[in-house]
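I have a structure I would like to understand better, so I am pasting it below and will then ask my questions one at a time.
The values are calculated or read from the model by the stated rules, or taken from the named source; none is laboratory data. Just so we're clear, the structure is a prediction, and the values are computed from it rather than from any experiment. Quick reminder, even Gly has a Cβ in these numbers, built from the backbone with ideal geometry, and neighbours come from all protein chains shown.
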Amino acid sequence: MAKIENGRKSVDTRSIRTISSSHIDDESSLGSDSEINGFTSDRQTDKYGFIGGAQQYSEESAQDVPTEVLRQREVKWLDMLSHWDKWMVKRHNKVRLRCQKGIPPALRGRAWLYLSGGKVKREQNQGKFQELDSQAGDPKWLDVIEKDLHRQFPFHEMFVSRGGHGQQDLFRVLKAYTLYRPEEGYCQAQAPIAAVLLMHMPAEDAFWGLVQICEKYLPGYYSPGLEAIQLDGEILFALLRRVSPIAYRHLEKHKIDPILYMTEWFMCAFSRTLPWASVLRVWDMFLCDGVKIIFRVGLVLLKSMLGTREKLKACQGLYETMELLRAIDARYMQEGFLVREILELPVTAREVEREHHSQVKRWKKIRGELNFKSPPRMHGARFIMLAEPPRRQDLQQNPTIVVEASQPTPQLKKSKEEKSKKKKSVKKKQPIEEIPNPYPLLSDPPPPPKEPPAPPPVSSEMPQIPQQTLIDSPQQEHPPPTDLSLAKESPLQQSTQSLSSTEQDTYL
């Protein structure tokens, strides 16, 4: 029976684990997931894949890049990806600058995989995802994951269908992570992270990208107790004191804990907060420079919404302030404004790390030891690469389409063999003989000038000796070469002799 969800009918509400292969084949023959779920072609889809304008402000906030500029950036990124280790070690500032300008959409998925270290992780664990994907998984986590699938970007054409291809891949990635890290299990905030990755890369690559984000960029965020996100909330609040004292005093006055407004921001990396054009730009910089970009985005939004006394007049209490932060003004989330403010905000990774240590000490003093000790956080792609140096074969770009070369015909084989035999025979017929050079070197002391002898008669059978060589070559104890010695000389020696005579001409 059809069920009404989000104002639209859903025709397929069965569990993903109970979908038969024949049913999947029947659905795939119909077309895209949007068609399966009742979305016909008259529904407009934006360039990011969202149906019916579900991503508000996307068109207004996006910056259009000229096609010529986009093609030039693609060529530059292809060169970087082909020599990734050299660029990251020697020209990392250039990589950062190009991430700040925006990664070309055609190469964004591949660039994210290289930046996060997921490419190296995948190559070093060949077959691991397939092994995890074939396992059943813990039923406790599977039930929770299935309930969350339809909540992840429900108006995107990839995830709009219940049991469609996008939701199936999302289920596989999240289930594989619960098997890869059973001590952490599944957290609801991991689903939008994995969904964003799946929009740009296959399921296996998205899995390793999720692993790197959970372990390197945001360690401890999705562990039981959420202690890491609480610590980062205190770090954000401490940094706000320096960036915007007015906003800091207002939040402190009304005792608004950071965990109330920044949890979804940080745990979902703003994928459920910003317009999609801004989300992609933030992720480009986040995967390059690390968590400091997430802190900067949060500080920019707080400063923009609560940074002046005039703006605080509209929110006199806790409730009004929270409503204001839940509905951020669209002009502060536009791609151009947001990226410019992020780059101008002076918050470095060193300041974040210094504040992290002070907050850990404060936590231990007030609450005791941390229950879950997360691994150290890596601040960006370069630190991840230096911590785990890759092999050259780990960075090679594997082609997505492999064309098998046709076997050569026997006639071609024979022609190649005949050519190789001819080359060998030519080499055997012309052995290299060492013949002493009858002419002196330029470093030898020049003899007293003498009148050159008359040139010998030239026969038709023997090679002719250049007149200039006989005139300009100095005469010493060695007798002039005979015609027989010249005939035996190799072309290389003849060219050397003519070169030496030319040099003598220049000196004389």
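Here is a yes/no grid of residues against (1) modelled with pLDDT under 95; (2) more than 20 Å from His200 (Cα to Cα):
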{"site": "Lys86", "(1), (2)": "yes, yes"}
{"site": "Lys90", "(1), (2)": "yes, yes"}
{"site": "Gln124", "(1), (2)": "yes, yes"}
{"site": "Ile145", "(1), (2)": "no, yes"}
{"site": "Phe155", "(1), (2)": "yes, no"}
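Within segment 359-399, track down each residue that is over 21 Å from Tyr217 (Cα atoms) and among the small types (Gly, Ala, Ser).
Once the filter is applied, which keeps residues that are over 21 Å from Tyr217 (Cα atoms) and among the small types (Gly, Ala, Ser), segment 359-399 yields only Gly368.
For Ile103, work out the one condition from (1) farther than 22 Å from Leu149 by Cα; (2) at pLDDT 50 or above; (3) more than 19 Å from the chain's Cα centre (by Cα) it doesn't fulfil.
Only one criterion in (1) farther than 22 Å from Leu149 by Cα; (2) at pLDDT 50 or above; (3) more than 19 Å from the chain's Cα centre (by Cα) is unmet by Ile103, namely (3).
Also: Taking interchain pairs and intrachain pairs at least six residues apart, which have beta carbon atoms under 9 angstrom, with the first residue in segment 207-236 and without any contact (Cβ under 8 Å) to a residue 40 or more places away in the chain and over 19 Å from Pro258 (Cβ atoms) and the second surrounded by 22 or more Cβ atoms within 10 Å (Cβ to Cβ) and among the hydroxyl-bearing types (Ser, Thr, Tyr)?
Leu210/Tyr177; Cys214/Tyr177; Cys214/Tyr221; Cys214/Tyr222
Now for a separate question. Of the residues Arg281, Arg309, Arg272, Arg296, which is among the charged types (D, E, K, R), under 26 Å from the mean Cα position of the chain (by Cα) and at pLDDT below 95? First the steps, then the outcome.
On the way: Arg281 fails: at pLDDT below 95; Arg309 fails: under 26 Å from the mean Cα position of the chain (by Cα); Arg296 fails: at pLDDT below 95.
Checking each option against the conditions leaves just Arg272.
Right, another one. Just to be sure I understand, how many residues within segment 200-255 are in a helix (DSSP H, G or I) and either closer than 19 Å to Ala381 by Cβ or among the β-branched types (Val, Ile, Thr) (or both)?
If we filter segment 200-255 for residues that are in a helix (DSSP H, G or I), which is where we start, we get 203-217, 227-243, 245-253.
Checking the rest, the ones that are also either closer than 19 Å to Ala381 by Cβ or among the β-branched types (Val, Ile, Thr) (or both) come to 205-217, 229, 235, 243, 246.
Total meeting the criteria: 17.
Considering only residues of segment 261-307 that are charged (D, E, K, R) and in a helix (DSSP H, G or I), which is surrounded by the fewest Cβ atoms within 10 Å (Cβ to Cβ)? If you could, list the steps in order and put the result at the bottom.
Within segment 261-307, the first condition is being charged (D, E, K, R), and the residues that meet it are 264, 272, 281, 284, 289, 292, 296, 303.
Adding the requirement that they be in a helix (DSSP H, G or I) leaves 264, 281, 284, 289, 292, 296, 303.
Numbers: Glu264: 15, Arg281: 26, Asp284: 22, Asp289: 23, Lys292: 22, Arg296: 25, Lys303: 19.
The qualifying residue surrounded by the fewest Cβ atoms within 10 Å (Cβ to Cβ) is Glu264.
Take Gln212 and decide whether it is touching a Cys at 6+ places or on another chain (Cβ under 8 Å) and of a type in the set (S, T, N, Q). Let's see the steps before the verdict.
Numbers: touching a Cys at 6+ places or on another chain (Cβ under 8 Å): no; of a type in the set (S, T, N, Q): yes.
For Gln212, the condition - touching a Cys at 6+ places or on another chain (Cβ under 8 Å) and of a type in the set (S, T, N, Q) - is not met.
In segment 98-111, which residue that is among the basic types (Lys, Arg) and within 14 Å of Val69 (Cβ to Cβ) is surrounded by the fewest Cβ atoms within 10 Å (Cβ to Cβ)? Break it down stepwise before answering.
The first filter runs over segment 98-111 and keeps only residues among the basic types (Lys, Arg), leaving 98, 101, 108, 110.
Filter once more, so that each one left must be within 14 Å of Val69 (Cβ to Cβ): 98, 101.
Details: Arg98: 19, Lys101: 16.
Filtering segment 98-111 for residues that are among the basic types (Lys, Arg) and within 14 Å of Val69 (Cβ to Cβ), the one surrounded by the fewest Cβ atoms within 10 Å (Cβ to Cβ) comes out as Lys101.
Separate question: What number goes with the only condition from (1) under 27 Å from Leu113 (Cβ atoms); (2) of a type in the set (S, T, N, Q); (3) in a helix (DSSP H, G or I) that Ser358 does not pass?
Unmet condition: (1).
Ok, one more. Considering each of Leu306, Leu302, Leu318, Leu324 in turn, give the residue that is without any contact (Cβ under 8 Å) to a residue 60 or more places away in the chain and closer than 17 Å to Pro258 by Cα. Spell out the reasoning first.
Details: Leu306 fails: without any contact (Cβ under 8 Å) to a residue 60 or more places away in the chain; Leu302 fails: without any contact (Cβ under 8 Å) to a residue 60 or more places away in the chain; Leu318 fails: without any contact (Cβ under 8 Å) to a residue 60 or more places away in the chain.
Matching residue, one of Leu306, Leu302, Leu318, Leu324: Leu324.
So, in segment 327-357, exactly how many residues are more than 17 Å from Thr273 (Cβ to Cβ) and either free of Cβ contacts under 8 Å to residues at least 12 places away in the same chain or of a type outside the set (Ser, Thr, Tyr) (or both)?
Within segment 327-357, the subset more than 17 Å from Thr273 (Cβ to Cβ) is 336, 340, 343-357.
This time we only want the ones that are either free of Cβ contacts under 8 Å to residues at least 12 places away in the same chain or of a type outside the set (Ser, Thr, Tyr) (or both), so: 336, 340, 343-347, 349-357.
Looking only at that region, the number is 16.
Taking only segment 372-399 into account, find how many residues are in a loop (DSSP other than H, G, I, E, B) and either modelled with pLDDT of 85 or more or under 30 Å from Lys86 (Cα atoms) (or both). First the steps, then the outcome.
Within segment 372-399, the first condition is being in a loop (DSSP other than H, G, I, E, B), and the residues that meet it are 372-380, 388-391, 396-399.
Checking the rest, the ones that are also either modelled with pLDDT of 85 or more or under 30 Å from Lys86 (Cα atoms) (or both) come to 375-380, 388-391, 396-399.
Qualifying residue count, segment 372-399: 14.
Quick grid of which residues meet (1) closer than 30 Å to Leu97 by Cα; (2) over 24 Å from the mean Cα position of the chain (by Cα); (3) surrounded by 11 or more Cβ atoms within 10 Å (Cβ to Cβ):
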residue	(1), (2), (3)
Leu343	yes, no, yes
Val347	yes, no, yes
His356	yes, yes, yes
Pro389	yes, no, no
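Can Arg382 be described as in contact with a helix residue (DSSP H, G or I) (Cβ under 7 Å, 6 or more places away or on another chain) and free of Cβ contacts under 8 Å to residues at least 24 places away in the same chain?
So Arg382 does not fit the description; no.
Would you check which residues across segment 207-220 are among the hydrophobic types (A, V, I, L, M, F, W, C) and farther than 14 Å from Lys128 by Cβ and list them?
Of segment 207-220, the ones among the hydrophobic types (A, V, I, L, M, F, W, C) are 207-208, 210-211, 213-214, 218.
Once the filter is applied, which keeps residues that are among the hydrophobic types (A, V, I, L, M, F, W, C) and farther than 14 Å from Lys128 by Cβ, segment 207-220 yields Ile213, Cys214, Leu218.
I would also like to ask the following. Considering only segment 358-377, state which residues are hydrophobic (A, V, I, L, M, F, W, C) and under 14 Å from Ala228 (Cβ atoms). Give the derivation first.
Narrowing segment 358-377 to residues hydrophobic (A, V, I, L, M, F, W, C): 360, 363, 366, 370, 372.
Selection gives Val360, Trp363, Leu370, Phe372.
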